[in-house]
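*Asks:* Below is one structure. I have some questions about it.
The values are calculated or read from the model by the stated rules, or taken from the named source; none is laboratory data. Only a predicted model underlies this, so the values are computations on that prediction, with no experimental measurement involved. Cβ coordinates were reconstructed from backbone atoms using ideal geometry, including for glycine residues, and neighbour counts include every protein chain displayed. Just the protein is used for accessible areas: all its heavy atoms, side chains included, with ligands, DNA and RNA removed. Shrake-Rupley method; radii C 1.70, N 1.55, O 1.52, S 1.80 Å.
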Amino acid sequence: MAASSDNLLCHSLWRLANTRLRDEDVPAACHAFAAALESAVDHSVIRMRILVQYISVLIAKTTSYELIEEQFEIGMMLIEEGAHMELDVMMTFLFLRCQHFASRLQNQQLKKAYEDAVHHAERVSEWSWFYYLQSMRIKHLRGVKQDFHLHQAASIALSASKVAGLHNHHDAHVKLLLQYVQIQMQLNERLAATDGINQCDKVLQSMAEYNQVPQQPQSVQKLWELSCLRIQCDLMRVVCNVQSGHLKDAEDTLKRVHVDLATIQSLHSATTERPNAADWLDAKRLFATVYLMSAWTKLATDHMSARQYLEKGLELVDATDSDTTTLCLRFLLLNLSCLLSLSRCELASGIAVVSDMIRLCNASSELHERYRATVHISLAHLCVRLGQPPLGLRHLRVASTYSQTLETSLTIEIMTALTHLRATEPEITSQNLNELVAALQKKFEDIPKDTLSAEVLCSFDLLQGEHFLSCGQLGPAKDRLRASLHLSNGIVQNSQLSANSLALLGNIFLRVSKESQAKDMLTSSILLATKLHDVHIQVQAVAVLQTIYHNRGDSEKAQANAKYRRKKLEQITIAVQAVLQDPLTQQIVEWDLM
């Protein structure tokens with residue numbers, strides 16, 4: 001009779017607490033929750049339910065941190081004592097505990113909270129909770145952005161993926177492996193990342209084979225999820241391929257990605273209810289990511305295809321969306337659009353895109369922190385195209401301050417040296433420039449080559465070749481430019497770098513009186529630059545070709561080349577003047593400069 005009376009009192013107090021909560025009388029609600037807990041001392045199932053709701057209210061409505069942590073201690077005692085309770089309620093309690101310590105930035109307590117939660121999830125075979133908690137734990141460690149924590153996150157992702165593999169939980173296995181790959185890429189551990197991708201491939205293959213077994217029902221949801229997972233895996237592979245300079249492999253992988261993309265689109269069209277893609281980006285963001293990667297691989301070889309992909313991607317990501325992932329996607333698409341416009345001397349379009357990039361960064365502190373260096377690099381490109389190298393150099397100095405990766409820092413230093421080298425009114429002496437290039441060479445010698453992308457190595461060879469050429473050292477210049485051309489024609493597949501190297505090599509062969517070879521190289525450079533609509537390289541190569549025809553006494557072809565060059569220079573001048581006349585231009589090009 002006493003037990004029944006206690007149970008009645010407990011439920012009455014619990015209802016009272018919820019009534020007070022609906023009336024927004026938080027102190028009275030908390031008082032009723034505490035009383036309900038006291039009366040439920042002998043009813044662990046009910047007590048744990050009340051405790052979870054009480055803690056949720058305390059976290060959401062108060063700042064009573066000591067009281068919150070007292071309630072967590074009560075709950076942990078119940079769990080450790082093996083008190084009878086509903087498993088989902090127990091896991092919700094453990095999850096709330098993790099969330100609380102994460103919000104309080106109490107890292108030691110958070111580490112212990114995650115360990116407890118994961119341990120109990122595994123103990124009671126609550127695998128959905130186990131994988132979710134491990135993913136949250138990995139996300140937290142990655143957010144710290146320190147190598148020690150990233151290595152911890154990688155270890156957790158790999159061990160959790162093995163648990164998923166042992167229990168044949170294929171979806172979780174792949175998702176955790178993908179997190180492992182992302183972390184290894186963040187740590188620049190390409191071999192480990194590639195190994196992780198290969199493991200993903202094996203699991204995805206087994207999932208595909210299972211889905212093709214005749215007796216298994218063909219679930220639209222499963223087909224959708226499998227295609228989404230395969231796209232994620234392949235996108236990781238594309239990033240690895242591009243970073244290591246294997247652009248052809250990246251393009252082959254993207255062809256497979258577009259097949260999976262078509263599968264998703266057909267599944268979406270064939271069903272009235274859209275399949276659940278909550279475990280990955282939603283469909284639009286997934287498509288935009290694919291278009292971004294496709295444009296990335298085409299940027300240096302096929303401007304028209306790159307532009308089409310960028311336009312498709314930008315159509316899918318809304319500039320007014322408050323979601324950070326969507327805004328990051330839009331920023332990256334805009335950044336590639338900017339590089340494309342500037343290389344084609346479409347300066348009005350380029351400055352409009354930079355303006356959109358700045359607007360995104362100004363509106364989001366997270367984007368501002370993440371992409372500040374990227375905006376300054378784009379502004380440096382723009383300033384050089386506008387004939388303002390000193391302003392471009394200022395942007396590069398700011399960009400170097402906020403650079404977050406070794407590759408970005410080296411790219412900035414290469415751009416800085418090239419800007420000094422090509423300036424009509426150099427800011428530094430030739431001796432200082434020699435010292436700058438020598439210091440950069442020392443850095444490249446000290447860094448293991450397999451940690452750098454082939455494109456950065458190719459760009460540095462180009463810089464060295466152009467620098468040697470400016471110093472009259474034709475032999476070393478030819479060697480470096482040939483090395484750059486070998487990479488750009490090979491694994492890098494960068495037509496723009498190839499066109500640049502060919503133009504400079506044509507100049508060298510002209511100087512050593514090998515006019516026929518010089519003409520062939522310059523013609524190839526002009527063809528590549530024309531295909532890419534790179535007016536600046538065309539002007540550079542045509543000027544040398546004009547000299548060859550003049551030396552041969554072929555005045556007709558010399559005049560034709562001179563006329564073509566004047567036309568292109570006029571095109572550049574008109575584009576520059578049109579942008580400089582806009583009163584907003586100066587405000588944009590001086591963004592974030594002190």
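*Asks:* Filter region 194-208 for residues that are among the hydrophobic types (A, V, I, L, M, F, W, C) and more than 22 Å from the chain's Cα centre (by Cα) and give the result.
*Replies:* The answer is 203, 204, 207, 208.
*Asks:* From the list 505, 510, which one is over 26 Å from residue 296 (Cβ atoms) and at pLDDT 95 or above?
*Replies:* Values: 510 fails: at pLDDT 95 or above.
Checking each option against the conditions leaves just 505.
*Asks:* Cβ contacts < 6 Å: first residue in contact (Cβ under 8 Å) with a residue 24 or more places away in the chain and farther than 9 Å from residue 295 by Cα, restricted to region 305-316; second residue open to solvent by 60 Å² or more (accessible area, probe 1.4 Å) and in a helix (DSSP H, G or I), any location; separation 6+ or different chain. Result?
*Replies:* Close Cβ pairs satisfying both conditions: 316/284.
*Asks:* Report yes if some residue within region 502-520 is of a type outside the set (Val, Ile, Thr), open to solvent by 30 Å² or more (accessible area, probe 1.4 Å), closer than 21 Å to residue 482 by Cβ and in a loop (DSSP other than H, G, I, E, B); otherwise report no.
*Replies:* Within region 502-520 (the criterion being of a type outside the set (Val, Ile, Thr), open to solvent by 30 Å² or more (accessible area, probe 1.4 Å), closer than 21 Å to residue 482 by Cβ and in a loop (DSSP other than H, G, I, E, B)), the answer is yes, since at least one residue qualifies.
Matching residues to (1) of a type in the set (Ser, Thr, Tyr); (2) outside any helix (DSSP H, G or I); (3) open to solvent by less than 20 Å² (accessible area, probe 1.4 Å); (4) under 22 Å from residue 343 (Cα atoms):
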{"position": "376", "(1), (2), (3), (4)": "no, no, yes, yes"}
{"position": "381", "(1), (2), (3), (4)": "no, no, no, yes"}
{"position": "384", "(1), (2), (3), (4)": "no, no, no, yes"}
{"position": "394", "(1), (2), (3), (4)": "no, no, no, yes"}
{"position": "398", "(1), (2), (3), (4)": "no, no, no, no"}
{"position": "408", "(1), (2), (3), (4)": "yes, no, no, yes"}
{"position": "411", "(1), (2), (3), (4)": "yes, no, no, yes"}
{"position": "416", "(1), (2), (3), (4)": "yes, no, no, yes"}
{"position": "426", "(1), (2), (3), (4)": "no, yes, no, no"}
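*Asks:* Restricting attention to region 537-594, report how many residues are in a helix (DSSP H, G or I), open to solvent by less than 50 Å² (accessible area, probe 1.4 Å) and either of a type in the set (D, E, K, R) or touching a residue at least 60 places away in the same chain (Cβ under 8 Å) (or both).
*Replies:* 8
*Asks:* Here is a further query. Check every one of the helices (runs of 4 or more DSSP H) wholly within region 26-141 and list those with 1 or more residues that are closer than 25 Å to residue 175 by Cα, in contact (Cβ under 8 Å) with a residue 12 or more places away in the chain and among the aromatic types (Phe, Trp, Tyr).
*Replies:* Per the criteria, 87-103, 107-123.
*Asks:* Please determine, by comparing only the residues of region 430-446 that are open to solvent by 80 Å² or more (accessible area, probe 1.4 Å) and within 17 Å of residue 393 (Cβ to Cβ), which one is nearest to the chain's Cα centre (by Cα).
*Replies:* This residue is 435.
*Asks:* I'm checking my understanding of the structure. Among residues of region 70-85 that are at pLDDT 90 or above and among the acidic types (Asp, Glu), which one is nearest to residue 116 (Cα to Cα)?
*Replies:* 73
*Asks:* What number of residues within region 31-61 are at pLDDT below 90, closer than 19 Å to residue 79 by Cβ and of a type in the set (Lys, Arg)?
*Replies:* 1
Each row is one residue, and each column tells you yes or no for (1) out of contact with any Asp or Glu (no Cβ under 8 Å at 6 or more places or on another chain); (2) under 21 Å from residue 459 (Cβ atoms).
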| site | (1), (2) |
| --- | --- |
| 326 | no, no |
| 334 | no, no |
| 354 | yes, no |
| 357 | yes, no |
| 362 | yes, no |
| 375 | no, yes |
| 390 | no, no |
| 396 | yes, yes |
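*Asks:* Out of 38, 24, 86, I need the residue that is out of contact with any Phe, Trp or Tyr (no Cβ under 7 Å at 6 or more places or on another chain) and within 27 Å of residue 138 (Cα to Cα). Which one?
*Replies:* Checking each option against the conditions leaves just 86.
*Asks:* Scan region 54-106 for residues that are of a type in the set (Phe, Trp, Tyr) and open to solvent by 50 Å² or more (accessible area, probe 1.4 Å) and jot them down.
*Replies:* Scanning region 54-106 gives a single hit, 65.
*Asks:* Taking interchain pairs and intrachain pairs at least six residues apart, which have beta carbon atoms under 6 angstrom, with the first residue in region 463-482 and on the phi < 0 side of the Ramachandran plot and of a type in the set (S, T, N, Q) and the second part of a helix (DSSP H, G or I) and open to solvent by 40 Å² or more (accessible area, probe 1.4 Å)?
*Replies:* 464/480
*Asks:* Quickly run through region 462-496 and pick out the residues that are part of a helix (DSSP H, G or I), aliphatic (A, V, I, L, M) and open to solvent by less than 20 Å² (accessible area, probe 1.4 Å). It would help to see each step written out before you state the result.
*Replies:* First pass over region 462-496, keeping only residues part of a helix (DSSP H, G or I): 462-470, 474-489, 495-496.
Still in the running and aliphatic (A, V, I, L, M): 462-463, 469, 474, 477, 481, 483, 485, 487.
If the condition is that a residue be part of a helix (DSSP H, G or I), aliphatic (A, V, I, L, M) and open to solvent by less than 20 Å² (accessible area, probe 1.4 Å), then 462, 463, 469, 477, 481 are the ones that fit.
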